[in-house]
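Colleague: The structure under discussion is supplied below as structure tokens; questions concerning it will follow.
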Amino acid sequence: MGVQLCRVSIMGILDRLKKKTQTINDVVDFIEIPVENIIKESRIETPEYCDKNYIIYSSPGDARMKIRVNTYYLLQGKKVRLCTHYDRGLCDTLEEYNRLPEEYIRKQVYGSWMDGAR
């Protein structure tokens, strides 16, 4: 029992150290996009979907300009850094995006946040 308790304690300490040393600038799972690619920046305030900021953007370098949502981003001048773990596709074109129901977008924002939290 003592060994198990010690192991759990050490794992907790290591996990806290990892979180403290990890910042948005030293995590490698980020991409940058131009600020011009942002279609919408908003916040979900519906209790069942958490209270999250998000951006909807067109994917750079994609000939079809797919529309995506991201819930972990940092605006840096004319660029936006996006964590790929908190990113999710919405649709293939801007025309499709304009027809999406708001409830569907809220669900995808929440799903994006939960994808990254795993």
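The values are calculated or read from the model by the stated rules, or taken from the named source; none is laboratory data. Only a predicted model underlies this, so the values are computations on that prediction, with no experimental measurement involved. Here the Cβ is made from the backbone with ideal geometry for all residues, glycine too, and neighbour counts use every protein chain on show.
Colleague: Does any residue in the stretch 79-99 that is of a type in the set (Ser, Thr, Tyr) come within less than 6 Å, Cβ to Cβ, of a residue that is part of a helix (DSSP H, G or I) six or more places away or on a different chain, and which pairs are these?
Modeller: From the stretch 79-99, the pairs are Tyr86/Ser112; Tyr86/Gly116.
Colleague: Going residue by residue through the stretch 7-28, is there one that turns out to be outside any helix (DSSP H, G or I), at pLDDT 55 or above and in contact with a helix residue (DSSP H, G or I) (Cβ under 6 Å, 6 or more places away or on another chain)?
Modeller: no
Colleague: Which of the residues spanning the stretch 63-118 are farther than 21 Å from Glu36 by Cα and among the polar types (S, T, N, Q)?
Modeller: Residues of the stretch 63-118 farther than 21 Å from Glu36 by Cα: 85, 99-104, 106-108, 110-118.
Gln108, Ser112 - these are the residues of the stretch 63-118 that are farther than 21 Å from Glu36 by Cα and among the polar types (S, T, N, Q).
Colleague: For His85, only one of the following conditions fails: (1) closer than 14 Å to Gln108 by Cβ; (2) in contact with a helix residue (DSSP H, G or I) (Cβ under 8 Å, 6 or more places away or on another chain). What is its number?
Modeller: (1) is the only condition that His85 fails.
Colleague: Same structure again: Please specify each residue of the stretch 62-93 satisfying the condition of being closer than 17 Å to Ser42 by Cα, among the hydrophobic types (A, V, I, L, M, F, W, C) and exposed (fewer than 14 other Cβ atoms within 10 Å of the Cβ).
Modeller: Selection gives Leu74, Leu75.
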